[in-house]
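The values are calculated or read from the model by the stated rules, or taken from the named source; none is laboratory data. Since this is a predicted model, take the numbers as computed values, not measurements. Don't worry about glycine lacking a Cβ; one is built from the backbone with ideal geometry, like all the others, and counts go over all protein chains shown. These accessible areas exclude ligands, DNA and RNA; they are computed on the full protein's heavy atoms, side chains included. Shrake-Rupley method; radii C 1.70, N 1.55, O 1.52, S 1.80 Å.
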Amino acid sequence: MRMTGSEVQCAREGLRQERADLARLLGNDADTVRDWERGKTFVPYRVADQIGELEALTERAVVQLVAELRAMPQPRAVVYRENEMPPRGDIARLGGRWWRRIARRAAAEVPGTRIGTRAEFDAMDREAQPNGN
């Protein structure tokens with residue numbers, strides 16, 4: 001079934017994606033997604049499946065990260081800046097911004113979780129060592 005523009009917009013907002021980010025993930029540009037959302041052009045049939053897959057992947061990522069954080073004595077979610085190379089897999093494909101949103105959602109479910117880059121955590125660990133070394 002073809003999605004309406006309003007359904008695309010609701011899905012995008014539910015995924016906490018900027019228009020440009022969702023467009024990139026769907027293989028389109030932000031202007032195209034904007035036109036769908038405003039009802040200027042029809043949404044291609046394939047978009048419903050693509051958004052469904054993205055929603056499922058996002059939920060699985062949150063659940064998995066929550067489980068990992070709950071298993072840590074001091075829960076930490078490592079995120080990546082735009083200029084950093086994330087590991088392979090979904091994070092690399094979907095981007096650092098997507099992963100930061102996953103980390104934020106997971107951290108909200110695990111009290112005490114810290115979110116930071118590896119460099120930030122390394123600096124915190126060095127500072128916590130005796131003599132700051």
Next item on the list: Could you look through the range 79-115, keep only residues that are among the aliphatic types (A, V, I, L, M) and open to solvent by less than 30 Å² (accessible area, probe 1.4 Å), and pick out the one that is farthest from Gln17 (Cα to Cα)?
Entry: Val110
Margin query: If I filter the range 110-121 for residues that are closer than 29 Å to Cys10 by Cα, in a helix (DSSP H, G or I) and aliphatic (A, V, I, L, M), do I get at least one hit?
Written below: no
Notebook entry, point to check: Restricting to helices (runs of 4 or more DSSP H) lying wholly in the range 14-73: which have 2 or more residues that are open to solvent by less than 30 Å² (accessible area, probe 1.4 Å), farther than 30 Å from Arg114 by Cβ and touching a Gly at 6+ places or on another chain (Cβ under 6 Å)?
Noted result: 30-37
Next item on the list: Sort through Thr32, Thr41, Thr113 and tell me the only one that's free of Cβ contacts under 8 Å to residues at least 24 places away in the same chain and either among the acidic types (Asp, Glu) or in contact with a helix residue (DSSP H, G or I) (Cβ under 6 Å, 6 or more places away or on another chain) (or both).
Entry: Thr41
Check: Which residue out of Ala48, Ala106 is of a type in the set (A, V, I, L, M) and within 18 Å of the chain's Cα centre (by Cα)?
Finding: Ala106
